[in-house]
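Here is the structure we will look at.
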Amino acid sequence: MNKLGWKRRGSLEAMTVVSPAAGQTEPGPAAVLPSRLPAEEFAAASQRDLLERVRSEVGTQDPADELYREGRRALNQEDWSEAGRLFMELRERYARSAYVGDAYYFEAFARYRQGSRAELERALGLLTEQGELFPDAATAAESRQLRARVEGQLARRGSAEAAARVQAQAAQSCEGEGEGIRSTALSALLQMDPERAMPILREVLRERGACSAELRRQAVFLVSQQMTPETVEILLDLAHRNPDPDPEVREAAIFWLSQVDDPAAADALISILESGQATEEVQERVVFALAQQGDARSLDVLREYARRPDAPAELRENAIFWIGQTGGGEAFLRDLYDGVDDPELRERILFSVAQTRSPENREWLVARALDPSEGPEVRQAALFWASQAGLPPSEVVRIYRTSEDRELREHAISVLGQSSAEDRTAAVDAMMEIARTEEDPELREQAVFWLGQTDDPRVPEFLLELIRGG
């Protein structure tokens, strides 16, 4: 962790939490999706659709089709040298082919991927020639973006002319087409010279018009990759002080603030949530961000939010979920339970409490399962999560014997049938006893069904005994 407390980089598209009790998975609240930045290098996979589109437009009757297919195969196999040679041969042998205009681009792409300065300069020449001779080629737009990437690489290798062009492209107005090129140029400039890139990025983020929204999303990501005190200030402005009108920009800024262990970041996140003026989407991002902070103050705010009856139920669920992932959070959740009326919120609390194995938690879950004032779905969920938290089969059988709720008794059998390996023998004993002695034929059938799902070596003989009428 650096002096700013920068915790980790990278986007979180989704979170899956594994229950320590039994390996159960529960989807967590969706994390923020930071704006996706075009990669510094094109992946070969990204070219396959383009190669296929060009071929479908030209048609298989073109005399250069076979050579084009060989070049396409070399690109897909990432044999850059061979691909460059094949597309150059196509241009030279079949000058009248409809493939020629696009062959310039694919050859330039192959040379760009080889990466030497000589190949990069050759790629730049090819793209320039294509623009002059074939301005309407199917790959014209891709060529402009590839050109920005090539110039970025050349600039990093010391080309003053390329560096000047990259900086000029990065500083262009957002009007008209070229946002992709400008984004690529910004990325190249940031890697080439972060100090020169930051003023342009700040300028981009000050543009609040609709036409620059996509570029601002890219800029937030770029800014976050050079985490400095200035960066934190920029993110605080976008998220809270002077919120960006584009929801995705603001949400991305909130995400990156969640990765900074800085009191000002926590203050901003808390203020957004407590104001009650943010959209549900923004509040969801803030709940996630506060959970990532992990400090006592942020957790206190999440607890208060979970208590709020006026907060959206979905977001209260998210807060409950994250509270359950913190040490000691289950004690708060057990106390919260009685003040919650929503069955879905109650089930979320049951799940979250079960994430920490302890006798106290298991007893509390069993009490919920046996409480006749609870709804059937909640009681069944309580029993299931108690079993996942380590409730032994003997306790499941006790619930089965003492409960008068037929649905809960049926559920108890299914819980026995899904017992962990360490409890399997005891669970099989219990289900065989139910199959022998239960007076309700449907419950006996349920026990027999789950016995048939086990691999206990005693079960086949037991089932034969039942078949013979024993």
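The values are calculated or read from the model by the stated rules, or taken from the named source; none is laboratory data. Being a predicted model, the structure only gives us computed values, none of them experimental. Counting neighbours? That spans all protein chains shown, and the Cβs are built from the backbone with ideal geometry, glycine included. Accessible surface areas use protein heavy atoms only, side chains included; no ligands, DNA or RNA. Shrake-Rupley method; radii C 1.70, N 1.55, O 1.52, S 1.80 Å.
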Kindly indicate whether E445 is among the acidic types (D, E), open to solvent by 10 Å² or more (accessible area, probe 1.4 Å), assigned to a helix (DSSP H, G or I) and farther than 21 Å from A369 by Cβ.
yes
Considering (1) at pLDDT 80 or above; (2) over 14 Å from R285 (Cα atoms), say which one R250 fails and leave the rest.
(2)
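Tally time: how many residues in region 91-107 are free of Cβ contacts under 8 Å to residues at least 40 places away in the same chain and open to solvent by less than 60 Å² (accessible area, probe 1.4 Å)? Please lay out each step first, then the result.
Our first condition is that a residue be free of Cβ contacts under 8 Å to residues at least 40 places away in the same chain; within region 91-107, this holds for 91-97, 100-101, 103-104, 107.
From the residues that got through so far, the ones that are open to solvent by less than 60 Å² (accessible area, probe 1.4 Å) too are 91, 94, 97, 100-101, 103-104, 107.
Total satisfying the criteria: 8.
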State all residues of region 277-300 that are farther than 16 Å from I254 by Cα and not charged (D, E, K, R); if no residue qualifies, say none.
A296, L299
For D335, all conditions in the list (1) open to solvent by 10 Å² or more (accessible area, probe 1.4 Å); (2) within 27 Å of L315 (Cα to Cα); (3) not in a helix (DSSP H, G or I) hold save one; what is the number of the exception?
(3)
Look through region 80-135, keep the residues that are touching a Gly at 6+ places or on another chain (Cβ under 8 Å) and polar (S, T, N, Q), and return whichever of them is nearest to L51 (Cα to Cα).
Q130
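The rows are residues; the columns are (1) at pLDDT below 70; (2) open to solvent by 40 Å² or more (accessible area, probe 1.4 Å); (3) more than 26 Å from the chain's Cα centre (by Cα).
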| position | (1), (2), (3) |
| --- | --- |
| S187 | yes, no, no |
| P194 | yes, yes, yes |
| E207 | no, yes, yes |
| E214 | no, yes, no |
| Q218 | no, no, no |
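Residues to consider are S173, S116; find the one that is of a type outside the set (F, W, Y), surrounded by fewer than 15 Cβ atoms within 10 Å (Cβ to Cβ), out of contact with any Phe, Trp or Tyr (no Cβ under 6 Å at 6 or more places or on another chain) and at pLDDT 75 or above. Lay out the reasoning, then the answer.
On the way: S173 fails: at pLDDT 75 or above.
Testing whether each residue is of a type outside the set (F, W, Y), surrounded by fewer than 15 Cβ atoms within 10 Å (Cβ to Cβ), out of contact with any Phe, Trp or Tyr (no Cβ under 6 Å at 6 or more places or on another chain) and at pLDDT 75 or above leaves just S116.
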Going through region 318-332 one residue at a time, which ones are in a helix (DSSP H, G or I) and in contact (Cβ under 8 Å) with a residue 24 or more places away in the chain?
N318, A319, I320, F321, W322, I323, G324, G329, E330, F332
Hits in region 69-120 (condition: assigned to a helix (DSSP H, G or I) and either of a type in the set (G, A, S) or on the phi > 0 side of the Ramachandran plot (or both))
G71, A74, S81, A83, G84, G101, A103, A108, A110, A118
